[in-house]
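Structure first, commentary second.
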Amino acid sequence: MAEHHLRLSSTLVSNVGYVRPNNQDSGLAGSHIIAVADGMGGHAGGDTASTIAIRTLSHLERGRQHHENIDSVVETLEKSILAAHDAIVGNAKKERQLSGMGTTVDAVCLVRGYWVLAHIGDSRAYLLREGQLIRATKDHSYVQHLIDTGRITPIEAKNHPQRNVVMRVLGDFDIDPHPDISVRLAHPGDRWLLCSDGLSGSLEDDTIADSLRDITNREECVQKLVNMALKAGSTDNVTAVIGDATLTGQRGLHASATRPYSGLQTPLIGGAAAEALASIADVIHRPVVSAPPLVEDISPAQKAALLLSNRGLDNQPAAAQGMAVAAPTDTVKAPDQLPDINRLQKGQQVAVPQDEKPEEPVADTGEIPIVTKRDGSVATDPSNPIVTAAISKQREAVDRDLHRRRHHERVHILVGILLFLAAIGILGAVAAHWTQSQYYLSESDGYVAIYQGVPTNLFGMRLSHEVDRSRVAVSSLPANWRQQLANGIGADSYQEARQHLTTIEEQSRQASQPTTVPAPSSLQPSTTPLPAQQDRTQDLGQTSTQPAATGVAK
């Protein structure tokens, strides 16, 4: 009787949705690992972060973990996620436009009859077992924290204004990047759903459970879930990966020399990571295919018409669908290394590993180096001592580059500060020279004085000093002069200031002298008598000789 073992069969769909301008989600559906990453950090940052995460995890699809114990796989999975975190941070430091990028990660590996689950962020992993849906992850989000502390209810969390705030994530943030890792025994018929919050935030768990339970075909099921999330009003990218545990014979587990990938599905890459097919193919060392596009729901009658007319996408050859397929290289030696291109849908692309590899370690992925051994085999496992050494060299190079950049930045900042201080000094010297060429008249201890400088203060420092003082009391001057002295009477030179002072002194002296009317120098008696006197003289027969009155007009 043949011995049976479990194998993982998976598929995925990733869609940009109706609101976002680009897809920042990434997904991986393979025979050994399935994963979802929801990127964040702007137009370029989110794409890059989620791609790095999927590309870094993709080395687990090579299946070496099937020959290792569970503890080793747990350690490898955690190291891979931390390596992705380091790579995201390194890229963010090298390119300013990527600053602040990050990504969630959910990944499930099937290893020797056990599921190994890694989780960080608010993407979710659901397990359907014997018809019951289990939410296998707990959101690392602010609203989940509020729920756990009893401050809000799960219903209130759906409309909370901070429902998109994550508290743990991989990326350029000062938070814990270690994932939650759990291990559970795998059962035949187990069905996993990994999804971004564009799906889980739009559909209720009961709706998800019904779809996973009722739609046995995983391709139809994943299409249905994504379509339902979009129709439910999701405003985010929507990505879903479904993985089923199926029984297979002992022979189906092992590849032969002539058929190295016999029994294994071609890995699917979706979302932003689909732009990096070639580099992921190099990491897995197998051909990879971009995930099928989302097909909007059609009625049963339309679906039957398509099948009757033989126009279904699955039945058309690739050329008739306008599919872009990368030409295979010499690396592909066995026919079953390439997927059946006649079953690919329009828009799907294929990438195969490069033919030649360098003899020295090289960071082709930008995350975990691809190291070619002397025997020609490739190592990408971060637990491998050779890869660990290559990672150390890579990090040293990044640190050296970062140190050099920071040194240059410090030098530029220092030069900028010196130039700024020099400019301030020059402006200060020019201003000081100008102020000392100016003079003005003002009051000093109640008297009019001449000052050199300008009548103002700068940061508490007076920009003038007294050079001469007169004996003219300010109180003896008219009101208009006192007002002008209070504001300062300006002069362009000391001589001009002296002229102003002389004018004030003269006016002050004139104001202090009394006003007089001069008397005549001599007075003669009047010989012409007044009319009345004439009459009186005539009457008396005499002539008056009395002089007129004299005096000083005051």
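The values are calculated or read from the model by the stated rules, or taken from the named source; none is laboratory data. These numbers were taken from a predicted model, which means no experiment stands behind them. All Cβ positions, glycine included, derive from the backbone under ideal geometry; neighbour counts span all protein chains shown.
Just a few scattered comments:
- Hits in the range 212-250 - residues which are part of a strand (DSSP E or B) and among the β-branched types (Val, Ile, Thr): Val238, Thr239, Val241, Ile242, Thr246, Thr248
- Taken as a whole, the structure places Ala449 among residues that are surrounded by 15 or more Cβ atoms within 10 Å (Cβ to Cβ), at pLDDT 80 or above, of a type in the set (A, V, I, L, M) and over 51 Å from the mean Cα position of the chain (by Cα).
- Condition met for His160 (surrounded by 13 or more Cβ atoms within 10 Å (Cβ to Cβ), outside any loop (DSSP other than H, G, I, E, B) and not aliphatic (A, V, I, L, M)): no
- Residue match in the range 179-194 (condition: within 23 Å of Asp25 (Cα to Cα), among the β-branched types (Val, Ile, Thr), in contact with a strand residue (DSSP E or B) (Cβ under 9 Å, 6 or more places away or on another chain) and assigned to a loop (DSSP other than H, G, I, E, B)): no
- Residue satisfying all of: in the range 452-473; among the charged types (D, E, K, R) and modelled with pLDDT of 85 or more; farthest from Leu501 (Cα to Cα) among these: Glu466
- Here is the figure for the range 178-201: residues that are of a type in the set (Ser, Thr, Tyr) and surrounded by fewer than 21 Cβ atoms within 10 Å (Cβ to Cβ) total 1.
- The residues of the range 240-286 that are modelled with pLDDT under 90 and either over 15 Å from Glu61 (Cα atoms) or outside the structural domain of Ala84 (by TED's automatic domain parsing) (or both), listed by number, are Leu247, Thr248, Gly249, Gln250, Arg251, Gly252, Ser256, Ala257, Thr258, Arg259.
- Test: residue in the range 59-82 that is assigned by TED's automatic domain parsing to the domain that holds Asp197, within 20 Å of Ser141 (Cβ to Cβ) and not aliphatic (A, V, I, L, M): no
- Within the range 415-431, none of the residues are exposed (fewer than 12 other Cβ atoms within 10 Å of the Cβ), under 19 Å from Gly490 (Cα atoms) and either at pLDDT 90 or above or not aromatic (Phe, Trp, Tyr) (or both).
- Filter result for Ser123 (closer than 27 Å to Asp86 by Cβ, modelled with pLDDT under 95 and of a type in the set (Ser, Thr, Tyr)): no
- Matching residues in the range 88-104 - criterion: being touching a residue at least 60 places away in the same chain (Cβ under 8 Å) and either within 25 Å of Lys138 (Cα to Cα) or among the charged types (D, E, K, R) (or both): Ile88, Val89, Lys93, Lys94, Gly100, Met101, Gly102, Thr103, Thr104
For (1) modelled with pLDDT of 95 or more; (2) assigned to a helix (DSSP H, G or I), each residue gets a yes or a no:
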site	(1), (2)
Ser14	yes, no
Asn22	no, no
Leu28	yes, no
Ala35	yes, no
Asp38	yes, no
Asp47	no, yes
Thr51	yes, yes
His59	no, yes
